[in-house]
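Enquirer: My structure is below; once you've seen it, I'll send some questions.
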Amino acid sequence: MTEALANFINDTGWLAPVYYVLSFVFTALVPVVPTPLVGALGGAAFGALPAILYGILGLGLGAFVALNLARRIGRPLLLRLVSPKAWAEWEALIGIRSVVLWGVIFFVLNVDVAVMAAGLSQVRLRDLWLTALIARFPWLVASAWFGELVFVSDTVMWLALLGLIGGVVVFQKLRPRFQHWLVRRVAPRPTPGQPPEPPAEA
């Protein structure tokens, strides 16, 4: 696998960084390929530092495309299914008008679906775009460094992947607890003596 990657990079030559950057845009539009995998492959192909520099450009382009598609196309379609008033109340209830909350979501989940979902909110696109870059940058650095160090041979790569799978399993076990804690932190608290008002139905 690592030899095939090296051969691909050698064959594409100067276009390799272009393909690498466009891979981030592809993962933003078709979020079935995890972005950290793209960063790791870039680290193996170019080295950690170039992969990070190219990756910043890729993350920026991918987030720009995903956010604008969600805001310009996805949100109008959503508001045809749900009344604007009801959706606004849901946004206020679960706190998705907060840039800080979106930053936490981007960092913890680090999936392109979250970036696209953020575009459905009322938060300014510029703020969401910058938040996505800042929150996901540590993952880019880690994945590029991981790719440079680990994707040196198939044996080391498979051992690392086995360890990564174990980490993902542990994360999936702990994520419901984190989500429960996050909802409790951001949900508005009712005034003492008054029951919370349920959100309006569509």
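Derivation of every value follows stated rules applied to the coordinates shown; laboratory data play no part. A quick note: this is a predicted structure, and the numbers were derived from the prediction, not measured. Cβ: placed from backbone, ideal geometry, glycine included. Neighbour counts: every protein chain shown.
Enquirer: Students often check this: by mean Cβ neighbours within 10 Å, which of 35-42, 130-137 ranks highest, and how do the rest follow? It would help to have the intermediate numbers written out before the result.
Expert: Working: 35-42: 24.1, 130-137: 19.6.
Descending packing order for the listed peptides: 35-42, 130-137.
Enquirer: Now for a separate question. Report the net charge of residues surrounding L59, where surrounding means a beta-carbon distance below 14 angstrom and charges are Lys +1, Arg +1, Asp -1, Glu -1. List each step's numbers first, then the result.
Expert: Details: positive: R136; negative: D112.
Here the charged neighbours net out to 0.
Enquirer: Where in region 39-53 does the amide nitrogen come within less than 13 Å of the point 7 Å from the Cα of L149, taken along Cα to Cβ?
Expert: Residues passing the 13 Å test: 48.
Enquirer: Also, quick follow-up: Listed highest first by mean packing, meaning other Cβ atoms within 10 Å per residue, what order do 50-57, 75-82 come in?
Expert: Ranking the peptides 50-57, 75-82 by packing returns 50-57, 75-82.
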